[in-house]
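Structure first, commentary second.
Please treat every number below as a calculation from the coordinates, not as lab data. Predicted, not measured: the structure shown is a model, and the values here were computed from it. Note: ideal-geometry Cβ built from the backbone for every residue, glycine included; neighbour counts use all protein chains shown.
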Amino acid sequence: MKRSMTRLGIARVAVASVGLAGLAACSQVAAVHHPIQYVAERSPQQVWVVRKHNDSVFAVQSPRLQGDTLVGFTLPNPNVLTQYVEIPGTDIKQMRAKEASHVRTGALVAGSVGLAVFTWTQLVHGSSGQRIAIGSDPSCDCDFDSICGC
């Protein structure tokens with residue numbers, strides 16, 4: 001019975017690991033090289049803008065363009081409520097935005113497959129390397145007593 005709890009623990013850790021990795025693996029925040037063009041073509045949900053004149057950073061929610069001016073709403077923080085902002089395109093020093101990460105997504109898929117294979121082999125073969133025949137041995141030399149009917 002002790003071994004089955006260990007195997008069940010391995011399965012739980014494997015599932016939790018894949019879930020946590022999946023939260024961050026499919027996207028990344030990256031620099032945008034042509035901010036005005038990027039907002040016009042991609043309509044991002046949020047961007048981070050560094051202004052030229054004072055190096056202040058704005059997290060802009062729902063950014064849109066009015067001519068060559070970026071408009072949107074700043075995210076609330078403990079001291080300031082949401083504010084409407086207008087930032088001229090010529091005043092944008094740097095912009096960052098969340099984008100899909102194909103490399104991370106591919107690594108997540110490959111890692112998930114590898115983890116699934118590892119978990120399956122641990123559940124079926126265990127640390128002894130012997131295959132467990134579920135329900136076929138009446139002496140119940142099986143770690144899954146409830147399934148074997150012991």
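Here are a few things to note about the model shown:
- Of the trypsin sites (Lys or Arg not before Pro) in segment 23-81, those whose Cβ has at most 14 other Cβ within 10 Å and which sit in DSSP loop: Lys52
- Close amide H contacts of Lys93 (hydrogens built in the peptide plane, cut-off under 5 Å, sequence separation of 5 or more or a different chain): Val50, Arg51, Lys52.
- Shown for Asp55, Asp91: other C-beta atoms within 10 Å of each C-beta, ranked fewest to most, produce the order Asp55, Asp91.
- Assuming charge only on the beta carbon of Lys and Arg (+1) and of Asp and Glu (-1), the dipole of segment 28-100 about its Cα centre is about 120 debye to the nearest 20.
- Relative contact order (%) - criterion: Cα under 8 Å, at least six apart; region: segment 28-100: 40
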